[in-house]
Every structure is written in structure tokens, then in C-alpha cells.
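Report on one structure; see the data block that follows.
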Amino acid sequence: MSFKILYVTATRTEGETLENIRDTFSVRKMSDNFEIILLVAGVGSISTAWTLNKWIALNGKPDLAINGGIAGSYKDEFIPGDVVMPLSDCFADAGIEDGDDFFTLSEAGLMGSDEFPYKNGLLYSDTRYSDKMKGLLKPVRAITVNTATGSETSRVKLLKKFNPDIETMEGATFFYICSRENIPFLALRAVSNKVEPRNKNNWNIALALNNLSEKLIDVLLTL
């Protein structure tokens, strides 16, 4: 019986990272050992949650879920083209504003900081697979936002509050659902740009996705 992997991306372009390696992966490892299914779940937490939950309801749980895509980097050490592995994530804009202050849901007392699947207010990766990949992928702290950060004011606030390495628009949703459903999971993100006042001239999505494809081969061969 084959090992079923669900590869979840936000966009069709990000999903091509899997399509680009299917032939190479089949040559280097017996393809009948794995069934790899692509799920394009849409941009943002709401679309990801609905699409992923519907897929699970219709098809059952995969043996492993992998979230792949691009990300923005907060740190100079993570540059466009780097492929990283989020070990923690959170919904960074879910909370309460009080004047100039921002409080997360747990800080505001609206949920427990250790209420499953959270630990200290954060969502953590599945160590069954992330520990195996630490030699291949740089581990990072991630945050998930509904609005991609594009101003210095927002960047500074998020950096001060969460000290993230990267930002995405879907990662915490993927962590949350897989943890709730007890699905083994792993996340890979390729840095496409710095988090800064929005300047698409500094982005390199093509490099990020090319490197993500190459690293995905190594990940699959390590399973």
C-alpha cells in the first residue's frame, strides 16, 4: 500500500514545484512507494482552511501533509532563494488592539496560551518529520498574516512583537488543521523577498520556486 502525501500550496504557480520534479523523483525513487497529491488551497487562511478541510472530509487523512510555497523574510540571514522550514507559527494579526498596543488572543484572555494545539500561544511543527529534515532545511520562526506586510510601520511592530524570521498568509492555518486532525505534517518555504515597504522589483519568485523544487526532491528522498 502506497504512502499518501498531500502537497498543499496556495497557488497553482507554487504547485508547479511538485509538477516540475515528478519525473526526476520517479527515476530516483520507486514511484509506487508514494502517492503524491497536489492540493491548491488558495491564498490566505480562510481559503486554506475550507479547501483542506473539504479534501480531508472527502478523501480521508493522508499519511503526511506538506505545505510548500514562498515567504517574505524579516532577517538578513534569510535571502531570496533560501529554502527554510518553519518550526513555529502563529496568527500574528488575530487579537485585540488597545490604542497603540496589540494583544494576542491568549494575552487578551480570550483563549488559553496552552489550549490545544497551542503551546505558549504558538503552533509548533510535527517533530516526527521536522527533526529528520534539520540537516536539509534551515529552521525558522514563522508568522501568518491576513495582509501581507508592506510598510515599515507594520514590519517594525511585527518584528518587535513576534521576532519572526519569515511571514506567510497560510502557514498557521496548515499547522492548526494538521495538529487538530492528528495528521503528520511538514512545512517548506522558499524566501522570495524581504519584508519591507512593498517593492516587487526586489522580489525573486522564480529563484525561490526553482530552489523549492530542488529541495523538495531532497525532502522526499529523505522520508
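The values are calculated or read from the model by the stated rules, or taken from the named source; none is laboratory data. Model, not experiment: these values are computed from the prediction. Every residue, glycine as well, gets a Cβ built from its backbone with ideal geometry; the counts of neighbours run over all protein chains shown.
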- Among the residues of the stretch 141-160, count how many are surrounded by 15 or more Cβ atoms within 10 Å (Cβ to Cβ) and not polar (S, T, N, Q). 9
- Message: For the stretch 168-185: of the residues being outside any helix (DSSP H, G or I) and surrounded by fewer than 24 Cβ atoms within 10 Å (Cβ to Cβ), which is farthest from the chain's Cα centre (by Cα)?
- Response: N182
- State all residues of the stretch 45-63 that are of a type outside the set (F, W, Y), within 20 Å of the chain's Cα centre (by Cα) and either at pLDDT below 95 or assigned to a helix (DSSP H, G or I) (or both); if no residue qualifies, say none. S45, I46, S47, T48, A49, T51, L52, N53, K54, I56
- Only one residue in G15, G42 is modelled with pLDDT of 95 or more and not aliphatic (A, V, I, L, M). Which one? G42
- Odd one out for S2, checked against (1) at pLDDT below 95; (2) closer than 17 Å to L137 by Cβ; (3) not hydrophobic (A, V, I, L, M, F, W, C): (2)
- Message: List the strands (runs of 3 or more DSSP E) inside the stretch 85-166, counting only whole elements, that have at least 1 residues being among the polar types (S, T, N, Q).
- Response: 101-104, 138-144
- Message: Any residue that is in a helix (DSSP H, G or I), farther than 24 Å from K61 by Cα and polar (S, T, N, Q) - is there at least one of those in the stretch 189-208?
- Response: yes
- Query: Taking the stretch 171-206, which residues are among the aliphatic types (A, V, I, L, M) and touching a strand residue (DSSP E or B) at 6+ places or on another chain (Cβ under 8 Å)?
  - Reply: A172, I183, L186, A187, L188, A190, V191, V195, I205
